[in-house]
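Undergrad: Just dropping this structure here.
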Amino acid sequence: MVQKINNKKSFSLKFDLLTGLSPGAISKKRLLSDMKGMYYDKDAYEKIVVEKDAVVYEFYDLNINPNPENLSFGTTILYPGKVGDEYYMTKGHFHDELNTAEIYYCLRGFGYLLMEDQQGRTEIQEFKPSISVYVPPGFAHRSINTSNDEPLITFFVYRADAGHDYKTIEEKGFRKLIIEKGGQPTIIDNPKWNIQKTRR
Ligand code: M6P
Ligand code: ZN
């Protein structure tokens, strides 16, 4: 287990502006096979995942001590691609500490941050280079890469004890999806939004 970074010592860490990768840390990778059930077009998913279990995104968890006075940060590199007409995206999550915010800063690429609170309110902000996005406390959040040929690279910061609650999103998904329609990113209602299960 990598030793948790304590609060006591400063440190610097490079994140490459073009690739988002850090020579000083090991990224966590999410492959297509980690995204089962996350895409609305199940047939397209089943077909593509057996052809090539591609890396959809990778991100850094620096193992910062999860206490409220600490901040966790890093980059997410979301690669270009689609499952059917749905763009590559992160899984999306609420925070275990629900009322904690998150900040994103887009270094490269184009896409959106899809957000949804427990009352079903949806907020969507555009990512493009130099844009920062504020995720209010209480909102689940998912990055979506709408470029066909370059990664969406964002830098994120959140309270180190926030934690990640994937359950609600894995069970129900987001109410809205962003798909490619007529060659353009298009927001649609999620045809598979699952209202049977209890909320978190
Ligand atoms: C962002 C941050 C991380 C998150 C990562 C991957 O970079 O919000 O906390 O882990 O995206 O997204 P997810 O956890 O939803 O797979
Ligand atoms: Zn988060």
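The values are calculated or read from the model by the stated rules, or taken from the named source; none is laboratory data. Owing to the predicted nature of the structure, the values given are computational and were not obtained by experimental measurement. Cβ placement follows ideal geometry from the backbone for every residue including glycine, while neighbour counts extend to all protein chains displayed. Accessible surface areas use protein heavy atoms only, side chains included; no ligands, DNA or RNA. Shrake-Rupley method; radii C 1.70, N 1.55, O 1.52, S 1.80 Å.
Undergrad: Which residue is nearest to ligand 1 (Cβ to nearest atom), if the candidates are limited to region 73-91 and must be among the hydroxyl-bearing types (Ser, Thr, Tyr) and within 14 Å of Phe15 (Cβ to Cβ)?
TA: Step one: of region 73-91, the residues among the hydroxyl-bearing types (Ser, Thr, Tyr) are 75-76, 79, 87-88, 90.
Narrowing the set further to residues that are within 14 Å of Phe15 (Cβ to Cβ) leaves 75-76.
Details: Thr75: 7, Thr76: 3 Å.
That would be Thr76.
Undergrad: What's the number of the condition Ser10 fails, among (1) surrounded by 15 or more Cβ atoms within 10 Å (Cβ to Cβ); (2) among the polar types (S, T, N, Q); (3) away from ligand 1 (no atom under 14 Å from the Cβ)?
TA: Failed condition: (1).
Undergrad: Right, something else. So which strands (runs of 3 or more DSSP E) are wholly in region 95-200 and hold at least 2 residues that are more than 14 Å from ligand 1 (Cβ to nearest atom) and open to solvent by less than 60 Å² (accessible area, probe 1.4 Å)?
TA: Where strands (runs of 3 or more DSSP E) fall fully within region 95-200 and carry at least 2 residues being more than 14 Å from ligand 1 (Cβ to nearest atom) and open to solvent by less than 60 Å² (accessible area, probe 1.4 Å), they are 122-127, 176-181, 184-189.
Undergrad: Restricting to region 32-50, count the residues that are within 29 Å of Asn63 (Cβ to Cβ) and open to solvent by 50 Å² or more (accessible area, probe 1.4 Å).
TA: Result for region 32-50: 4.
Undergrad: Okay, next question. Looking only at region 79-110, count how many residues are farther than 24 Å from Ala160 by Cβ and either among the acidic types (Asp, Glu) or away from ligand 2 (no atom under 16 Å from the Cβ) (or both).
TA: Step one: filter region 79-110 for residues farther than 24 Å from Ala160 by Cβ, giving 79-89, 108-110.
Now drop any that are not either among the acidic types (Asp, Glu) or away from ligand 2 (no atom under 16 Å from the Cβ) (or both), which leaves 79-88, 108-110.
Qualifying residue count, region 79-110: 13.
Undergrad: Could you list, ordered by first residue, the pairs with Cβ atoms under 9 Å in which the first is in region 87-109 and closer than 24 Å to Pro151 by Cα and without any contact (Cβ under 8 Å) to a residue 24 or more places away in the chain and the second is part of a strand (DSSP E or B) and more than 11 Å from ligand 1 (Cβ to nearest atom), at least 6 apart or interchain?
TA: Here the result reads none, with nothing in region 87-109 linked to a residue that is part of a strand (DSSP E or B) and more than 11 Å from ligand 1 (Cβ to nearest atom).
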